[in-house]
Amino acid sequence: MNINLPTRVKLLVLSIGSAALVLMVYSAIAFARPTDNFLGYAWSSNVGWISTNNCNTGGCPGPDFGITSINNGGVSNISGYVWSPNVGWIAFDGVSVGGCLTSPNCQGTLNWTTGVISGWARACSVYVSGCSGPIKPVNLGERGDWDGWISLSKYTGSVPYGVTMNTTTGQLSGLAWGSEVLGWIDFSGVKVTIVPPLGTCTDGIKNNGETGIDTGGPCAPTVTLTANPNPVLLSGDTSLLAWTPVFPVVSALNT
């Protein structure tokens with residue numbers, strides 16, 4: 001990952017990558033989900049601002065994008081895409097297997113208990129097309145010899161680094177490393193919206209942004225209402241709410 005690229009190669013990578021990916025922005029690519037909960041800008045020492053959400057400035061202009069990590073009370077994947085005007089899309093999706101220096105454990109994650117962010121993201125400009133599949137060949141000079149990987153925490157060497165989240169406020173701090181192309185990336189301008197953990201109920205119903213199978217979201221509250229002598233509603237709850245109707249006493253009228 002410590003690649004010493006000549007300045008002219010860096011400029012070539014950035015100019016080609018950004019020109020191609022600016023076109024991608026306006027080709028109806030939509031990456032955002034309602035659950036995106038990272039907001040703000042990271043800062044690359046080499047290429048400038050990196051936006052984590054198109055809603056950073058309010059009003060959510062342009063194409064939708066963002067990254068998210070769902071609070072499960074433990075370690076949760078970070079998914080989605082961020083945007084650099086000089087490098088283009090940077091993916092947290094589709095990076096779970098292969099290629100990174102800690103392969104096969106490439107997926108970026110957030111530990112909601114400790115606040116530690118680990119794993120990798122990857123610049124889409126190194127791919128032949130889109131943000132997955134084969135990457136551009138080195139010998140054509142389209143990406144230098146940069147593989148696009150961005151390390152979110154220390155993986156080797158003697159210099160400690162990494163991004164962490166304050167588990168009370170959601171504020172991020174610390175540095176990621178984007179090789180010699182992106183350099184150090186400061187995440188102190190990014191904040192995560194903290195919501196309570198989803199819980200552990202697997203009721204077969206997808207709740208609070210779950211996709212695919214039911215992964216353990218909160219169950220809807222179960223209430224059982226009964227009336228003497230027969231139950232009005234029975235849902236399997238063992239705690240029964242008894243209801244005894246009370247009628248007003250009406251005295252006989254004097255005749």
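The values are calculated or read from the model by the stated rules, or taken from the named source; none is laboratory data. Because the structure is a prediction, the values reported are computed rather than measured. When we count neighbours, we look across all protein chains shown, and the Cβ atoms used for this are built from the backbone with ideal geometry, even at glycine. In case anyone asks, the SASA skips ligands and DNA or RNA and just uses the protein heavy atoms, side chains included. Shrake-Rupley method; radii C 1.70, N 1.55, O 1.52, S 1.80 Å.
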Separation between Cα centres of the range 118-137 and the range 38-80, rounded to whole Å
18 Å
Hull surface divided by four, with the convex hull built on the Cα atoms of the range 79-130: how many nm²?
4.2 nm²
Protein accessible area in the range 113-164, 1.4 Å probe - carbon and sulfur %:
57 percent
Result for the range 108-198: accessible area per residue, probe 1.4 angstrom, in square angstrom, of 42 Å²
First select every other residue whose beta carbon is under 10 angstrom from the beta carbon of residue 54; then total the charges, Lys and Arg +1, Asp and Glu -1.
-2
Three semi-axes of the equivalent ellipsoid, the range 45-200, Cα gyration tensor, whole Å, largest first
25, 18, 15
So what are the radius of gyration and Dmax for the Cα set of the range 129-181, in Å?
15.4, 48
